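Just below is one structure, and these are the notes that go with it.
No lab work stands behind these numbers, since they all come straight from the coordinates. Remember, it's a predicted structure, so these values are computed and weren't measured experimentally. Backbone-built Cβ (ideal geometry, glycine too); neighbour counts: all protein chains shown.
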2 protein chains.
Amino acid sequence: MARTRSATFDQQRASILQAAAGLFAERGYEGASMAELAQACGVSKPLLYHYYRDKQHMLFDIADSYMDRLRTIVEQVRERQLPPEDHLRTLIAQFMQEYQHSQPQHMVLVQDVKFLADLQRAQVLGKERAVVEAFAQAIAALKPRLRKKALRVPLAMILFGMINWTFTWLKPGGRMGYKEFAEQVVEMVEHGLAKGNVPTGAASSSN
Amino acid sequence: MARTRSATFDQQRASILQAAAGLFAERGYEGASMAELAQACGVSKPLLYHYYRDKQHMLFDIADSYMDRLRTIVEQVRERQLPPEDHLRTLIAQFMQEYQHSQPQHMVLVQDVKFLADLQRAQVLGKERAVVEAFAQAIAALKPRLRKKALRVPLAMILFGMINWTFTWLKPGGRMGYKEFAEQVVEMVEHGLAKGNVPTGAASSSN
DNA sequence: CCTACCGATCGGTAGG
DNA sequence: CCTACCGATCGGTAGG
């Protein structure tokens, strides 16, 4: 009778993956060694290969499971069937909330997908495309008179730029909070820089 | 009398740097080997070391000279002393024009500065900060009633997100042009998604 | 005695 | 599940 997996197998695997995401984000995929990772996890190098076939499969699991989280957010927001304006606001708020806890995964996704094998990379990019499409539809619903259909995706990418670029400068615990930043993004998307900034329900513009 | 450098030294060096930027962008700094780079340049590997002390100095020169280009754009636009709205529009247009021809450098700047030595990285980040500050000032000039001074830089980062994120999806020669995209960014910055999209001087909204 | 440049190989370290 | 290693390839430099 074959031995079953340890009850803690999945937990160990997840904690290794978390450490790997942090190390890949910090040193880059190629720059991070398996020996470093083993030390960071407090396990031997060969043990890492008990949980993952090779380094590339770790990278794939980081990127793929992270995209699943983002797709889940999109799906949960969609199910609420909010009016167009609230729908987009909620997507932005929920994504920024996720980003606050997923900086390493986000950096790995942006910087290291190029090191995946073709099939793995195609799977991750497919999930990315689905998320972009969801945002593009949310924007199109907000702009029913949008003349050029070809602008849907570029407008979504403008919005993704605002929130995804945060991985280069916005840090958890910093002066600018993720929630406050999400409100600034909503302000920008809805009115640009045209209005005065009264972001958190303070004095109205009539003052 | 000491022999002078070859007349073609600077040209050779520049062409090596261009090839290095392309290779680093494609494979990542650690993933690109000096052997590959030598082959791409059509020279021997030792000859690379005639032009650059080591691999890291190539990386530094790519990032540092690229930041100098961006700072030059900022400076040239500043000298024109345009009214606030035109100033920001021109900055966006000029940056997108530069990005169209500098995708590899831009990707290296975003993805590989972490591999620089502390002093080199500090120099590049200092130049980045100067460019961010110039955009923050341009935005502040456009919003004289901006209440929270702390929002200047985050607003600049929102704008940088829109234009810098293009390195992940916008390709020269693709369906969406850099100039057309710059106009969409200006539209977003000035009015958000509020207005209808009539980007290139087509029919007015009175229709 | 400088520069420009080659074929061959160095000491170390990567993933496995 | 450890120490001890491997085939290969890395960035950088030797002699000439």
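Its Cα centre serving as origin, the stretch A:104-165 has a Cβ charge dipole (Lys and Arg +1, Asp and Glu -1) of approximately 500 debye. Could you check which residue among B:VAL108, B:VAL189, B:VAL124 shows the biggest mean-square fluctuation in a GNM of chain B with a 10 Å Cα cutoff? Looking only at B:VAL108, B:VAL189, B:VAL124, the largest GNM fluctuation is found for B:VAL189.
Between this copy and the others, label points of B:GLU79 are 6.0 nm apart in ascending order, each placed 7 angstrom from Cα in the Cβ direction.
Ranked for footprinting exposure by Cβ neighbours inside 10 Å, fewest first, A:LEU82, A:LEU91 give A:LEU82, A:LEU91. For B:LYS149, the point set 7 Å out from Cα toward Cβ sits 5.1 nm from its twins in the other copies, listed from shortest up. Classify the protein assembly as shown from the C-alpha gyration tensor, please: rounded if a/c falls under 1.5, else prolate or oblate depending on whether a/b exceeds b/c. Oblate, because a/c is 1.5 or more while a/b does not exceed b/c. In summary, the helical segments of chain B meeting the span-like criteria, namely a full DSSP H run, a Cα extent along the axis of 15 angstrom or more and a mean Kyte-Doolittle hydropathy of at least 1.0, are B:152-164. Here A:LEU125 yields copy-to-copy label distances, from shortest upward, of 3.2 nm, the label point defined as 7 Å from Cα along Cα to C-beta.
Farthest toward the positive end of the dipole of the protein assembly as shown, out of B:PHE135, B:GLN11, B:VAL43, is the Cα of B:PHE135, where the dipole comes from beta carbon charges about the Cα centre.
In terms of its C-alpha gyration tensor, the stretch A:101-171 comes out oblate, because a/c is 1.5 or above while a/b does not outweigh b/c.
Using only the Cα atoms, what convex hull volume per residue in Å³ does chain A have?
That works out to 171 Å³ per residue.
Among the trypsin sites (Lys or Arg not before Pro) within the stretch B:1-86, those in coil by DSSP and having at most 15 neighbouring Cβ atoms inside 10 Å are B:ARG3, B:ARG5, B:ARG53, B:ARG80. Please say if the stretch A:155-196 is rounded, prolate or oblate, where rounded means a/c under 1.5 for a ≥ b ≥ c the square roots of the C-alpha gyration tensor eigenvalues, and otherwise the choice is prolate for a/b larger than b/c and oblate otherwise? Judged from the Cα gyration tensor, the stretch A:155-196 comes out oblate (a/c at least 1.5, b/c at or above a/b).
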